[in-house]
Amino acid sequence: MKPGTKCIHAGAEPDPSTGAIMTPIYQTSTFVQEAPGKNKGFEYARSQNPTRFALEEALAVIENGKYGLAFSSGVAATDAVIKLLQPGDEVIAANDMYGGTYRLFTKIFEKFGIRFHYVNMQEAENIQPYINKNTKLIWTETPTNPLINIVDIAAVAAITKANNILLCVDNTFASPYLQNPLDLGADIVMHSATKYLGGHSDVIQGALVMNDQALRDQLYFIQKSCGAVPGPMDCFLVLRGIKTLHIRMQRHCENGEKIAHFLRNHPKVGHVYWCGFNDHPGYAVAKKQMRGFGGMISFTLKDDSVETAMKLLSSTKVFALAESLGGVESLINHPATMTHASIPREERIKNGLSDSLIRLSVGIEDAEDLIDDLKSAIG
Ligand SMILES: *Cc1c(COP(=O)(O)O)cnc(C)c1O
């Protein structure tokens, strides 16, 4: 099936007890058993829940994977992947990624004896020098947050396969509609379902998708043992979100393109970060591995002062000043003080994330209104 049909039908079997076309919200903590150990495959809702299972099936289908697992947040999904490792193991991670992932690695898992190396993965060969016998996982994100850099997933996968290392790709920014890392050789795809999958800024949730059954079993064991499972209502919301993922992403891409070009042609705008420009350093790879360029755009102003950026951030009317992304409504964000404040300033500046950088999550409103809003805010 094609992606749009998959979004609508994945995981959607009529409910066996009533024929309900939409998956019911099984708001229950436990399931009655006929005799000890004799049950309908459901024992306790941390381990099994029918609404969650329907969502996990949908996640697998839209990512072209065999198995999906849903978590109570994106960082809980990341947390589960790192729990595959032992003290002494090493991870090579992208140097430009979601601030909360960096915080989880440095502030939580380093304490447990796992070592992280942060590498610019825009050139896959930069990874090789960091590989040693303890390297167990490569963690990457593309397009990156917030600098919209592109990592060549197939090139990184060639390295992980040759060295027997797991590759996990945070696919939150692209969404499964624009990019499928498993097809490019990744072992695990991670999502903050809070973003494009949910799509309506009304739920916090995470997801993992994989093909290997042994890996699925280990991650399922971690999911149920550590307990970061989403509730059935939240699973229903993400299932509902997925049904319109394809049409939302089409509009995010159209609006993203219009706004990226508007910004680039504006005399007061400095640099615009968007991977759909044909002079973007990752353009060729983005074109090869993505079906569109998405609605995430960052930019700076020519007057590169933090004060001017702050003024702009507080003067938009349609773009709401908020963290998060991927919802139907447009958001504007200041990475240095908001989403990426957990990364030390010197680390941020070293990686090109300046204090004046502004990030947009372009929503699916009418593009003209979004452009008018930015026009008057930039002044
Ligand atoms: C938001 C986000 C996360 C974390 O997900 P939560 O659902 O907020 O826990 C991870 N990666 C990326 C790229 C994100 O944007």
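Within segment 119-133, being surrounded by 14 or more Cβ atoms within 10 Å (Cβ to Cβ) and part of a helix (DSSP H, G or I) holds for A124, Y130.
Condition check ((1) more than 25 Å from Y102 (Cβ to Cβ); (2) crowded, with 20+ Cβ neighbours inside 10 Å; (3) charged (D, E, K, R); (4) not assigned by TED's automatic domain parsing to the domain that holds K195) across all residues:
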| site | (1), (2), (3), (4) |
| --- | --- |
| V272 | no, yes, no, yes |
| K287 | yes, no, yes, yes |
| S298 | no, yes, no, yes |
| D304 | no, no, yes, yes |
| S314 | yes, no, no, yes |
| P335 | no, yes, no, yes |
| E347 | no, no, yes, yes |
| N351 | no, no, no, yes |
| L357 | no, yes, no, yes |
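The helices (runs of 4 or more DSSP H) found entirely in segment 45-118 that carry 1 or more residues being basic (K, R) are 50-62, 99-103. Taken over segment 158-175, the criterion of being more than 21 Å from A214 (Cβ to Cβ), buried (at least 24 other Cβ atoms within 10 Å of the Cβ) and touching a helix residue (DSSP H, G or I) at 6+ places or on another chain (Cβ under 8 Å) is satisfied by D170, N171, T172, S175. Scanning segment 1-29 for residues that are within 24 Å of the chain's Cα centre (by Cα), farther than 19 Å from L237 by Cα and assigned to a loop (DSSP other than H, G, I, E, B) turns up M1, K2. Filtering A80, A60, A70 for residues that are touching a Lys or Arg at 6+ places or on another chain (Cβ under 7 Å), within 16 Å of the ligand (Cβ to nearest atom) and under 21 Å from A214 (Cβ atoms) leaves a single hit, A70.
Which residues, counting only those in segment 318-346, are free of Cβ contacts under 8 Å to residues at least 60 places away in the same chain, of a type in the set (D, E, K, R) and more than 12 Å from the ligand (Cβ to nearest atom)? Those that are free of Cβ contacts under 8 Å to residues at least 60 places away in the same chain, of a type in the set (D, E, K, R) and more than 12 Å from the ligand (Cβ to nearest atom): R345, E346.
Listed by position, the strands (runs of 3 or more DSSP E) contained in segment 134-240 that have at least 1 residues being touching a Leu at 6+ places or on another chain (Cβ under 6 Å) and closer than 19 Å to G100 by Cβ are 135-141, 188-192, 206-210. In segment 322-345, is there at least one residue being part of a helix (DSSP H, G or I) and touching a helix residue (DSSP H, G or I) at 6+ places or on another chain (Cβ under 8 Å)? No: zero hits. From the list L178, L208, L245, the one residue that fits, being more than 15 Å from the ligand (Cβ to nearest atom), at pLDDT 95 or above and either assigned by TED's automatic domain parsing to the domain that holds L360 or buried (at least 17 other Cβ atoms within 10 Å of the Cβ) (or both), is L245.
The values are calculated or read from the model by the stated rules, or taken from the named source; none is laboratory data. Small disclaimer: the values here were computed from a predicted structure and weren't measured. Every residue, glycine as well, gets a Cβ built from its backbone with ideal geometry; the counts of neighbours run over all protein chains shown.
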